[in-house]
Amino acid sequence: MENHDLDPRLLTQLRELEAKYQLTGQNLVDNLTGLQHANYLRYWDYIRLDTLLSLQNPRTDFPDEVVFIIYHQITELYFRLMLWEMQQISGQAQLSTRFFHERLQRLNRYVENLVRSFDIMVLGMEPEQFRQFRMALLPSSGFQSAQFREIEIGATDFFQLLEADYQNPLTEKAEIEEIFPYVYWKRGATDAQTGEETITLQHFEEKYRAHFIQLAKHFRSRNLWRCYLSLPPDGFTEKIRAEMRRFDQLMNIEWRLSHFRSAVRYLKKDQETLSATGGTNWQQYLPPRFQRTIFYPRLWSEEEKKELGGETG
Ligand code: HEM
């Protein structure tokens, strides 16, 4: 083909590519040869489908254990998406209200999907099967989901995650190492009879304690709440406030309620309550009305705070 037959857009593209490679001392022709020999990208390679589908390894032969594993994995992928958005927000050198608002909307969409889909757990397994395969999974628990804690740490000031009695101006200023022992979630993995830490908690802390402390330090000045406070007032202010409140409600009331419903369905049998992982009193821990975690107390009135998770929790 003669030069003059070439699409002018192609010539422009070639020149731009040549300039790009020259910048790093590379040769365009060599790179084009590489492109000529490279295989086409296929969907299954891009999505890593074979790897993805090789990750479901039940510990028993009960068919419903597969539902349990896959739904946990789906949830962890949503958590991953949420953390991805949170990192982008906190990493912005010049955070704009538009960007913040859009990313908050994404976060809320992800949690809404999780809340809506929780019936896959609540209704989608046979209780008899669940109660049996669950015994093969002890002492592991969704409690040990590190990403869930990372989302909490990225969402707010760390002292807001302490047991209510420890939330005060002193703990707000304290070093993370000092206040970490009072984090609210410890109560969820403490033996109801003896008051001792369960093995579930010990394993979790062994693996993640240092990481959580480091993450809380990283987010200290740029968690979602701090980012929110740094924004200039403009046309987005009210919308952002509404999305922040929604996020708080979705994470701390709606998700927790859906999750609690699954514990009730599977761990309560007739009048008997089955003990949770390591003997924790999940009935006194999981319902939002006992937990009362709030990421953004300053966005709720006193009246609203009382109602949050109150009667409904
Ligand atoms: C049938 C389904 C489920 C049941 C019966 C159940 C039960 C429980 C129980 C009893 C606890 C309290 C801690 C313990 O004793 O282990 C707990 C905590 C937890 N589970 Fe689940 N769970 C279910 C599904 C899920 C799923 C799908 C996830 C998603 C990752 C999940 C994530 C969590 C988290 C993050 C906690 C800690 C909550 C907190 O600290 O407030 N659970 N679960």
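Exactly one residue among Arg98, Arg103 is farther than 30 Å from Glu126 by Cβ, of a type in the set (D, E, K, R) and out of contact with any Phe, Trp or Tyr (no Cβ under 7 Å at 6 or more places or on another chain), and that residue is Arg103. The criterion of at least 3 residues that are surrounded by 11 or more Cβ atoms within 10 Å (Cβ to Cβ) is met by the following helices (runs of 4 or more DSSP H) wholly inside region 25-64: 28-37.
Selection of helices (runs of 4 or more DSSP H) fully inside region 87-143 by the criterion of at least 2 residues being crowded, with 18+ Cβ neighbours inside 10 Å returns 97-117, 127-135.
For region 71-86, filtered to residues that are within 10 Å of the ligand (Cβ to nearest atom) and farther than 22 Å from Arg220 by Cβ, the residue that is surrounded by the most Cβ atoms within 10 Å (Cβ to Cβ) is Thr75. Return yes or no: is Val67 within 30 Å of Arg134 (Cα to Cα), in a helix (DSSP H, G or I) and of a type in the set (A, V, I, L, M)? Considered against the rule, which asks whether it is within 30 Å of Arg134 (Cα to Cα), in a helix (DSSP H, G or I) and of a type in the set (A, V, I, L, M), Val67 comes out as yes. Taking the conditions exactly as written (farther than 29 Å from Tyr228 by Cα and more than 9 Å from the ligand (Cβ to nearest atom)), does Gln129 satisfy them or not? Judged against the criteria, Gln129 is a match. Need at least 2 residues that are more than 10 Å from the ligand (Cβ to nearest atom) and polar (S, T, N, Q) per element, so show me which helices (runs of 4 or more DSSP H) inside region 175-274 make the cut, counting only ones lying wholly within it. Filter on region 175-274 gives 199-219, 237-249. May I ask you to verify whether Ile153 is among the aliphatic types (A, V, I, L, M), more than 12 Å from the ligand (Cβ to nearest atom) and surrounded by 20 or more Cβ atoms within 10 Å (Cβ to Cβ)? Judged against the criteria, Ile153 is a match. Of the residues screened, Phe68 is one that is under 24 Å from Thr200 (Cβ atoms) and either more than 15 Å from the ligand (Cβ to nearest atom) or touching a residue at least 12 places away in the same chain (Cβ under 8 Å) (or both).
Values in this text are rule-based calculations from the coordinates and carry no lab data. Keep in mind that this is a model prediction, so the values were computed, not measured. In this analysis, Cβ positions are derived from the backbone assuming ideal geometry, glycine residues included, and neighbour counts consider all displayed protein chains.
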